[in-house]
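Student: Here it is, the structure, as structure tokens.
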Amino acid sequence: MHTMKVFKLFTRLLFLCRKATIIVFFLGVFQHASGGEQEDYTFAYKLYENKAYPVAQNQFDQFIKKYPRSDNADDAKLLAAECALQLKNFDEAIQNYKQLLIDYPETNLSLDALQGVAISWYKQGKYEEAIKGYEEVLEVASEAETISHSLYFIGESFDNLGLYQKAGEYYDQVISKYSTSNEAADALYSKGWTFYRLKNYQSAYELLSGFGQKHPEHYAVPEANYRAAESLFKMGKWTNAQIGFRNFIQTYTTSPNQEQMVTDARFRLGECYFQQQMMKEARQEFSLLLNEGVSSLISAEAQYWIAEILAEEKKAAEAIYEYQKVIDLYPDSSVSDNAWYGIGIVYFEQGEYAKALSTFKLVSANLQSELSTAARFRMGECFRMLREFNTAILNYKKILVSSSPYIDDASYQIGICYFQLRDYQGSINELSKLVEIYPETDLRPYALYHLGLAYFNSEKYLESSQTFDLYFAEVQDQNLESAPADEALFWKARALYEAEDYAETIKACNLLIQKYPQSERLFQSHYFVAESTYWQSPTKESYQSARQKYQKIIEQQPSSKWAEKSQFSIAWTYFSEAAISEAKDHQDGYNKAIIAWKTMSQKYPESKLLDQSLYQIGVSQSNLKKYSEAIQSFKRVITSYTSSSWQDNSQYQIGWAFYKLEEYGNAIDAFSEVIRKFPSSRLQPNAIFGIANCYFKQGRYTNAINEYKKVVENYPNLKVQSRESGAEKAVNLRPEAQYYIAESHMNLKNYSKAINAFEKVIQHYPKSNWADDAQYSIATAHENLGQKAKSLQAYRTLIKDYRSSSLAPDVQLQIGRFYYVETDYKRAISEFQKVVKQYPNTSSAWLAKYNIGKSYLMLGSYKQSIEAFSQVEPKSEFSASAMFEIGNAWYNKKNSRRNLTNAINILIDIPEKHPKSPFAAKALVLAGECHQEMVQWQKAIDLYNQVISHYPQSDQAEYAQISLGHSYKAQKNFLQAIEAYDIIRQKGTDRYRIEIVVEAELHLAKTQAILGRHYDSGVTYLRVRHLREQHDSLTAFHAAVRASDAFIKANDIYMAKDTCEDALNLFEAKVANADARKIEEWNQLHDYAQNQYKQILSRIEQQ
């Protein structure tokens, strides 16, 4: 409204200015014009001056045609345009202004023409063109008056385009640069309006409230004062607004021109009272409006507000009465629907939802009413409160297709209705859409709260936790009544707990305990801190910490259900602590668990957990291997708690206890009871499986097969969900049952049937834990059938199809061994290298490296062999063996790069790094041999003594003992050599292998001879002759002959004779059965003995 007033004022000023200009032109120009020309121009101008614009325009057009070269032609063109402008022929005016600029480029009227174009665009409502027009004026204008005028109308144009911020910038230029101009006051006033329209009510108030003081005579002062009070009202500053409207009323109540604004102000004053809960004053003000007989529109609204006041005061009957007056007295007013709606709200707040529903239905039926969708929303609310959720959803959904401000409310309530119907996915879909589409809605925190709950109830725990995080980011430190922060925090903690993120659960619960000490969820939070501590890590420390927290709950609220649950959980901490302890600590833990569960019946005799406690006592007794006691506990569950849900579990556990006792007959009977007494139990297939296992253990494989088949053929996947330590986890029995069908066939040596059964495991349960075992067993079955090629192919299939199987490394290793056995060492190396490459961090990889080394050894590639052995992990169980093989490779006489020093260095390192390895003694012995070969006898002796002292019971100790004698002998330390050999002689075959004993005795005899102890040497040889004949008759023959020689040297000729005769007799007795390959040796020695015997006889005769 203010813009039109200002525009008319400026149009008038512009017209007067231009008229003055034209008069000047008229007076100055015609002193040079001819009489006819002067008269024609004067006539046209007089018509213009007398506002006869159509005729004047025609005359100016005629003048231009008649006197095209006249000095006054450009003036005539300008005035013709002015006539068109006054006639509101704006396009024609613009055409004339523009034509003036084209036809008379040198005219001094260019600025007037440009202003005319701009004002014509503005008056047409073409504000963008007007802005461009005034900008062209500003480019050529130099006078402050013209610049101020143009800036102001650019601002007005932007204002009309709704670009209030931009408009304000131009008003500011007028206010700051041209404060004395005619437009300055209007610009200030218009600036106030831009603030108001931008909802910057504080700035609008500050500017408009001071406008009257700066420009007291300005026509817009009343409007500015009213709008200043209205700005306070918009800001909710009810007290200040009240003062502003009251001052306005007092100032202008007698001004006839402001009568409507005074009435509006009085109406607003009533609203201010209402907002301040000054119901008496509000009612008086609205009643005064009614009594003064203001217009029916105001009267209807005043009557409506009286009803609103009564409704606010909870005077339901009176409010309805006053609402009804609006309907009866002003049926056609704009607030008639509001009155109906108000009646509905009163009924709704009284809980009379059926009456409210019928009233809202009337309003919603009027599609022209602004309250139609609001009433439809309220209908949805009524149905929701009546718990008719599906009907409520239908009504809410009708709102979603409109552009109502209730769309977000409706969407939210649809989500809530789905939640109430337990359609959590529907709730998730609707609330997620609300949060996404309406990010600025006030309902966002409430939607996030219920969305988090819906995710939780849908078991989408991660999404639930993340949604509650969004909720907290939204509410900051607020606490919303229907979406309380402590509840949100608790359910976030619960979601984290169910998602098994126990560390974060503890954080969330502790935060709740800290921030909301009065919360109803306080002790639950304490409980879940304890629970999460229990589950956080399977360590004694965690269980002990959890136990302390449970105990604290019991101390603080000993009679609460959380104390009862805590007592139950304390038992679990002992149970779980026992489960992870070393065997020696098991008994203490399980016994304490049993005591804690027994405490349940003493402290909480009415607890609903007593049957489960007794059941867990039975499980604990089973874990203590007290199966007979466990059976009695399980039987008590069955007899004492006849309605317990643990009856079938107890009967089932009785079966397993008998199974553990290897009383398979009783176990079968117990499992059969589960099947008979609990036909609906989820443990039916488990019981059948137990029976099958009993038959399997009894070796009754045919019976076992029949029972396993029942599990496979009659039952779907069995899922046993449990979060409790020691309980069965989610399992599917069918693949295991099918696997043991195949195993039973294997044990029956029905390998072909076994293969078929294993193939069914793979075919029907390819993702089960048994599939790779089945494939492995197929390979084994083919081996048993002698089908090596098929066995190899089965192994390769396992590698291909079950690459991540724990069996895969061993299987790949087995493939390598297959080629190793077949002496295809190059192919074996290739297969072993696959183990190293594909499974580098497994023990199989270490063994593969070892086997690669062995394969290179077999190929005679000592260098590659040593390199392969060197790559075996030092911590591996194959490390000592690999080191020994490296030493052996350096020692091997076929190695072209043979290096005994290298061999010794690696070999003597083995006892230091692997002192308990069986290769330690072997390494020392082989290192001793290296020293012997290098004629380093003392070093060899030291190593042999080390073997004898550190590894006395090893096979290498035998070899070391005799090698010790050899080394002393080689060192010419004959006495110590004799001592070393004599140790073997004394202990004989009770300690040493016969071969070692024989060798030691022979070397003992030789050493004795070296020392000249020929008689002792002969006796030692006779020991071999008589004690070792059965072991090796040829050696005994040798010993007898040598004994004869020794006695000759000892000058005991008769002992020599007897011994030689014995030797010859031995020949006659044994030669016939001698090894044909050694006959020549027998004969040569016989010839020697015969010759010696003749010499002996000759010597005797000579005596």
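Student: Could you figure out which of (1) modelled with pLDDT of 95 or more; (2) farther than 25 Å from Ser963 by Cβ isn't true of Lys1006?
Tutor: The number of the failed condition is (2).
Student: When you look at Ala980, is it crowded, with 21+ Cβ neighbours inside 10 Å and not hydroxyl-bearing (Ser, Thr, Tyr), yes or no?
Tutor: It is true that Ala980 is crowded, with 21+ Cβ neighbours inside 10 Å and not hydroxyl-bearing (Ser, Thr, Tyr).
Student: Here is a list of conditions, (1) under 17 Å from Phe523 (Cβ atoms); (2) without any contact (Cβ under 8 Å) to a residue 40 or more places away in the chain; (3) not hydrophobic (A, V, I, L, M, F, W, C), and Glu582 meets all of them except one; can you say which number that is?
Tutor: (1) is the only condition that Glu582 fails.
Student: Let me ask something additional. Within the bounds of segment 67-89, is there any residue that is part of a helix (DSSP H, G or I) and over 22 Å from Phe43 (Cα atoms)?
Tutor: no
Student: Among the residues of segment 920-953, how many are closer than 20 Å to Ala882 by Cβ and either at pLDDT below 90 or of a type in the set (Lys, Arg) (or both)?
Tutor: Summing the residues that are closer than 20 Å to Ala882 by Cβ and either at pLDDT below 90 or of a type in the set (Lys, Arg) (or both) in segment 920-953 gives 1.
Student: Same structure again: Hey, among Tyr406, Tyr418, Tyr461, which residue is surrounded by fewer than 22 Cβ atoms within 10 Å (Cβ to Cβ) and either touching a Cys at 6+ places or on another chain (Cβ under 8 Å) or closer than 27 Å to Ser372 by Cα (or both)?
Tutor: None of the other options fit; the residue is Tyr406.
Student: Here's something else I'd like to know. In the list Glu285, Glu271, which residue meets the criterion of being under 30 Å from Ala220 (Cβ atoms), under 56 Å from the mean Cα position of the chain (by Cα) and free of Cβ contacts under 8 Å to residues at least 60 places away in the same chain? Reasoning before the result, please.
Tutor: Details: Glu285 fails: under 56 Å from the mean Cα position of the chain (by Cα).
Of the residues listed, the single one that is under 30 Å from Ala220 (Cβ atoms), under 56 Å from the mean Cα position of the chain (by Cα) and free of Cβ contacts under 8 Å to residues at least 60 places away in the same chain is Glu271.
Student: Let me ask something else. One residue is enough: does segment 1055-1073 have a residue meeting the conditions more than 60 Å from the chain's Cα centre (by Cα), over 21 Å from Gln1030 (Cα atoms) and not charged (D, E, K, R)?
Tutor: yes
Student: Shifting gears a bit: Name the pairs: first residue in segment 655-671 and more than 21 Å from Leu624 (Cβ to Cβ), second residue outside any helix (DSSP H, G or I) and of a type in the set (S, T, N, Q), Cβ to Cβ under 7 Å, at least 6 apart or on different chains?
Tutor: As it stands, the answer is Tyr664/Gln698, since those pairs meet every condition given.
Student: Condition (residue is under 30 Å from Glu183 (Cβ atoms), touching a Gly at 6+ places or on another chain (Cβ under 6 Å), assigned to a helix (DSSP H, G or I) and of a type in the set (Gly, Ala, Ser)) applied to segment 229-241: is it met by at least one residue?
Tutor: Yes: segment 229-241 contains one or more residues that are under 30 Å from Glu183 (Cβ atoms), touching a Gly at 6+ places or on another chain (Cβ under 6 Å), assigned to a helix (DSSP H, G or I) and of a type in the set (Gly, Ala, Ser).
Student: For segment 168-177, check the following and say yes or no: at least one residue is surrounded by 15 or more Cβ atoms within 10 Å (Cβ to Cβ), touching a residue at least 24 places away in the same chain (Cβ under 8 Å) and within 60 Å of the chain's Cα centre (by Cα).
Tutor: Yes.
Student: Criterion first (in contact with a helix residue (DSSP H, G or I) (Cβ under 7 Å, 6 or more places away or on another chain) and either farther than 20 Å from Met385 by Cα or not small (Gly, Ala, Ser) (or both)) does Leu434 satisfy it?
Tutor: yes
Student: Which one is farthest from Glu759 (Cα to Cα) among residues in segment 781-802 that are over 40 Å from the mean Cα position of the chain (by Cα) and in a loop (DSSP other than H, G, I, E, B)?
Tutor: Of everything passing the filter in segment 781-802, Gly786 is farthest from Glu759 (Cα to Cα).
Student: Also, I was wondering about something else. Could you tell me whether segment 961-979 includes any residue that is farther than 21 Å from Leu1085 by Cα and of a type in the set (Val, Ile, Thr)?
Tutor: yes
Student: Suppose we keep only residues that are under 16 Å from Leu109 (Cβ atoms) and not hydrophobic (A, V, I, L, M, F, W, C) within segment 43-78. Which one would you say is surrounded by the most Cβ atoms within 10 Å (Cβ to Cβ)?
Tutor: Asp75
Student: Right, something else. Could you tell me which numbered condition Thr263 fails, if it satisfies all but one of (1) within 18 Å of Asn338 (Cα to Cα); (2) in contact (Cβ under 8 Å) with a residue 24 or more places away in the chain; (3) not basic (Lys, Arg)?
Tutor: (1)
Student: Name the single residue that is farthest from Pro809 (Cα to Cα) among those in segment 849-880 being in contact (Cβ under 8 Å) with a residue 24 or more places away in the chain, small (Gly, Ala, Ser) and surrounded by fewer than 22 Cβ atoms within 10 Å (Cβ to Cβ).
Tutor: Step by step, filter segment 849-880, then rank; the result is Gly860.
Student: Follow-up. Show the residue pairs that are 6+ apart or on different chains and have beta-carbon atoms under 7 Å apart, the first residue being within segment 1071-1093 and basic (Lys, Arg), the second being at pLDDT below 95.
Tutor: Short answer, once both residue conditions are applied: Lys1078/Leu1034.
Student: For Asn895, indicate whether it is in a loop (DSSP other than H, G, I, E, B) and within 24 Å of Thr823 (Cα to Cα).
Tutor: yes
Student: Within the group Tyr461, Tyr446, which residue is over 19 Å from Phe389 (Cβ atoms), outside the structural domain of Leu386 (by TED's automatic domain parsing) and hydroxyl-bearing (Ser, Thr, Tyr)?
Tutor: Details: Tyr446 fails: over 19 Å from Phe389 (Cβ atoms).
Within the list Tyr461, Tyr446, the selection yields Tyr461.
Student: May I pose another question? List the number of the failed condition for Phe245; all other conditions in (1) loosely packed, with under 14 Cβ neighbours inside 10 Å; (2) touching a Lys or Arg at 6+ places or on another chain (Cβ under 6 Å) hold.
Tutor: Checking Phe245 against (1) loosely packed, with under 14 Cβ neighbours inside 10 Å; (2) touching a Lys or Arg at 6+ places or on another chain (Cβ under 6 Å), the one that fails is (1).
Student: Looking at Gln651, Gln612, Gln616, which is the one that is surrounded by fewer than 22 Cβ atoms within 10 Å (Cβ to Cβ) and part of a helix (DSSP H, G or I)?
Tutor: Checking each option against the conditions leaves just Gln612.
Student: Which residues, taken from segment 315-349, are surrounded by 14 or more Cβ atoms within 10 Å (Cβ to Cβ) and over 25 Å from Ile298 (Cβ atoms)?
Tutor: Hits for segment 315-349 are Ala316, Tyr347, Phe348.
Student: Just to check your reading of the model, which residue among Leu480, Leu443 is more than 24 Å from the chain's Cα centre (by Cα) and surrounded by fewer than 17 Cβ atoms within 10 Å (Cβ to Cβ)?
Tutor: Leu480
Student: Of the conditions (1) in a helix (DSSP H, G or I); (2) touching a residue at least 24 places away in the same chain (Cβ under 8 Å); (3) small (Gly, Ala, Ser), Ser805 satisfies every one except a single condition; which number is it?
Tutor: Failed condition: (1).
Student: Consider Ile778 carefully, then state whether it is modelled with pLDDT of 90 or more, in a helix (DSSP H, G or I) and among the β-branched types (Val, Ile, Thr). Please lay out each step first, then the result.
Tutor: Working: modelled with pLDDT of 90 or more: yes; in a helix (DSSP H, G or I): yes; among the β-branched types (Val, Ile, Thr): yes.
The answer is yes for Ile778.
Student: Contact list please: Cβ distance under 7 Å, first residue in segment 754-773 and among the acidic types (Asp, Glu), second residue part of a helix (DSSP H, G or I), pairs at least six apart or on different chains.
Tutor: Once the first residue is among the acidic types (Asp, Glu) and sits in segment 754-773, its partners that are part of a helix (DSSP H, G or I) give Glu759/Ile778; Asp772/Leu798; Asp773/Tyr739.
Student: Across segment 465-518, which residue is nearest to Leu443 (Cα to Cα) among those that are assigned to a loop (DSSP other than H, G, I, E, B) and polar (S, T, N, Q)? I'd like the intermediate steps shown before the answer.
Tutor: Just the residues of segment 465-518 that are assigned to a loop (DSSP other than H, G, I, E, B), to begin with: 476-479, 481-482, 484, 499-501, 516-518.
In the following step, the residues that additionally are polar (S, T, N, Q) were identified as 476, 478-479, 482, 518.
Details: Gln476: 15, Gln478: 14, Asn479: 14, Ser482: 11, Gln518: 26 Å.
Looking at the filtered set, the residue picked out is Ser482.
Student: Within segment 1088-1103, which residues are assigned to a helix (DSSP H, G or I), of a type in the set (S, T, N, Q) and farther than 14 Å from Met1055 by Cβ? Even if it seems obvious, please write down each step before you answer.
Tutor: Taking segment 1088-1103 first, the residues assigned to a helix (DSSP H, G or I) are 1088-1102.
Imposing the further condition that a residue be of a type in the set (S, T, N, Q) reduces the set to 1090-1092, 1095, 1098, 1102.
Those that are assigned to a helix (DSSP H, G or I), of a type in the set (S, T, N, Q) and farther than 14 Å from Met1055 by Cβ: Gln1090, Asn1091, Gln1095, Ser1098, Gln1102.
The values are calculated or read from the model by the stated rules, or taken from the named source; none is laboratory data. Here the structure is a predicted model, which means the values were calculated and not measured. Every residue, glycine as well, gets a Cβ built from its backbone with ideal geometry; the counts of neighbours run over all protein chains shown.
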